[in-house]
Amino acid sequence: MELHNVPYKVSYRAVKYPRLELKTGELLFVLPFGHNPDILLEKHKGWILKRISFIRECLDSAAGKELAVRTGEEFKRLVHSIANKTSKELKVELSGIYFRKMSTKWASMSSKGNMTINILMQSLPDHLVRYVIYHEMVHLIQKRHNGRFWATISRKYRHYKKVERDMFTYWFLIAKSHHLL
């Protein structure tokens, strides 16, 4: 099936509400049994085309990017070092740092102050590893991605929107190199 030359798949599942996913660069409709994807296609056509265009731009700009090469131990030392500096800078305290492979995000912060780092970040350049850790640790101050959160981010990263875009570019580059796409 296609939407203006954009291939997509439909997955019928035991879900209450329909949703659109573009996690791997491919459009997936997750629908409750019996739902028609045409209704969602029409309703969200503008958003879908905008996101697909953004993903294609990220994939195009990924072509010139280099992945970092470091061992797992080097990466863990780097993360702990950055987290220690960032906790002093933000005057916050982490409970712990955990590492695991995650399929949809770079990292997360629990309400108990535990930061989980996606091991795929091992391939990110240092400046993006620093950004992700800073971003997650700001969640110890402000839980949600609201105005206060982004104001805190922008104190250190004035052009955070460009960094966020770079994060998407690297996501697709790393996912492609790990055959996740």
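Here are the numbers for the structure shown:
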| item | result |
| --- | --- |
| Hits in the stretch 36-70 - residues which are under 13 Å from Leu22 (Cβ atoms) and in contact (Cβ under 8 Å) with a residue 60 or more places away in the chain | Phe54, Ile55, Cys58, Leu59 |
| Residue in the stretch 138-166 that is surrounded by the most Cβ atoms within 10 Å (Cβ to Cβ), counting only those that are of a type in the set (D, E, K, R) and under 21 Å from Ser95 (Cβ atoms) | Lys143 |
| Selection status of Arg144, part of a loop (DSSP other than H, G, I, E, B) and of a type in the set (D, E, K, R) | yes |
| Residue check for Ser81: more than 22 Å from Glu21 (Cβ to Cβ) and either surrounded by 12 or more Cβ atoms within 10 Å (Cβ to Cβ) or out of contact with any His (no Cβ under 9 Å at 6 or more places or on another chain) (or both) | yes |
| Selection status of Tyr134, crowded, with 18+ Cβ neighbours inside 10 Å and within 30 Å of Asp60 (Cβ to Cβ) | yes |
| Helices (runs of 4 or more DSSP H) within the stretch 14-95 that include 2 or more residues under 19 Å from the mean Cα position of the chain (by Cα) | 45-62, 72-90 |
| Test: residue in the stretch 71-79 that is assigned by TED's automatic domain parsing to the domain that holds Lys156, within 17 Å of Met167 (Cα to Cα), touching a strand residue (DSSP E or B) at 6+ places or on another chain (Cβ under 8 Å) and touching a residue at least 12 places away in the same chain (Cβ under 8 Å) | yes |
| Residue match in the stretch 97-118 (condition: in a helix (DSSP H, G or I) and farther than 17 Å from Leu140 by Cβ) | no |
| Qualifying position, being polar (S, T, N, Q) and touching a helix residue (DSSP H, G or I) at 6+ places or on another chain (Cβ under 7 Å), among Ser95, Ser61 | Ser61 |
| Test: residue in the stretch 171-178 that is under 21 Å from Gly64 (Cα atoms), aromatic (Phe, Trp, Tyr) and either outside the structural domain of Arg56 (by TED's automatic domain parsing) or part of a loop (DSSP other than H, G, I, E, B) (or both) | yes |
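The values are calculated or read from the model by the stated rules, or taken from the named source; none is laboratory data. Owing to the predicted nature of the structure, the values given are computational and were not obtained by experimental measurement. All Cβ positions, even for glycine, are placed from backbone atoms using ideal geometry, and neighbour counts span all protein chains on display.
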